[in-house]
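To keep things clear, I will list the structure first and then write my remarks on it.
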Amino acid sequence: MNVANALTVVRLLLVPVFVVFLAEAGHPGSTGWRLAALAAFGVASLTDLLDGKLARSRGLVTDFGKIADPIADKALTGAALISLSALGELPGWVTALILAREVGVTALRFAVIRRGVIAASAGGKLKTLLQIVTICLYLLPPSLSPPALIREIVMAAALVVTLVTGVDYVVRAIRLGRPGSSGSPDKPPSRDGAGSQGGAAGPGSAAGQGSAAGQESGAGKESGAGHDSGASQDSRQTRDRA
């Protein structure tokens, strides 16, 4: 297992640790448990940033990473949102919308991965950043938390960007799945290529036929000349005998 995959596994292992810390904090919760949950979430989010950069820069991209990385991301985000909603600190409908988008996009990614990989857009990166900031603001203990209005504004921005980028991802996945797309392995062979082969075979075939015809013609002439010469000799011998 390479370094990038190891960081992904660490992120997965930190998910239950984070949930336990936040559950121990309760509502409104103690400052110590809240900060412990915030630290676990922060470290897990940092591994998400590092494993992707290491995989791309060192050529450590693997099939395991392609599958485990998005699962780890959704597990961490989902655990945080569900836990905050269970504590009554985040509206349940917000959690439902974000999770529906994340699960749907992940399923769609696996559905089209045979045809190609959809690169992360700037909107997708902004979505991830806003989600992390929103969760961190809600994880802060009351004594350190900003005004509720600020948290709600950041949360609303994260929700809007999450939904908009989800629609964009669906559109790009549909385009990638169309026959003849750049990532499709089922693209039929080019007619031009077939024509080129046919064109190359045509002259060669004609030349071969011409050569064969010439040889046959030459052989015919030689054969005819031989018969004519033999007939002339017979005729002279007949005259001499007469």
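The values are calculated or read from the model by the stated rules, or taken from the named source; none is laboratory data. As the structure is a prediction and not an experimental result, all values here were calculated from the model. Positions of Cβ are backbone-derived with ideal geometry, glycine not excepted, and every protein chain shown enters the neighbour counts.
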Any hit, region 41-53, residues being crowded, with 16+ Cβ neighbours inside 10 Å, in a helix (DSSP H, G or I), in contact (Cβ under 8 Å) with a residue 12 or more places away in the chain and touching a Phe, Trp or Tyr at 6+ places or on another chain (Cβ under 6 Å): yes
Counting only residues that are touching a helix residue (DSSP H, G or I) at 6+ places or on another chain (Cβ under 9 Å), of a type outside the set (A, V, I, L, M) and over 26 Å from residue 5 (Cβ atoms), how many does region 41-92 have? 5
Answer yes or no as to whether residue 8 is part of a helix (DSSP H, G or I), touching a Lys or Arg at 6+ places or on another chain (Cβ under 7 Å) and not aliphatic (A, V, I, L, M). no
Out of all the residues in region 104-135, which are under 16 Å from residue 171 (Cα atoms), assigned to a helix (DSSP H, G or I) and of a type in the set (Val, Ile, Thr)? 105, 106, 112
Tell me, which residue of region 1-38 that is out of contact with any Leu (no Cβ under 9 Å at 6 or more places or on another chain) and polar (S, T, N, Q) is modelled with the lowest pLDDT? 30
Identify, from the list 86, 96, the residue that is surrounded by fewer than 14 Cβ atoms within 10 Å (Cβ to Cβ), among the aliphatic types (A, V, I, L, M) and free of Cβ contacts under 8 Å to residues at least 12 places away in the same chain. 96
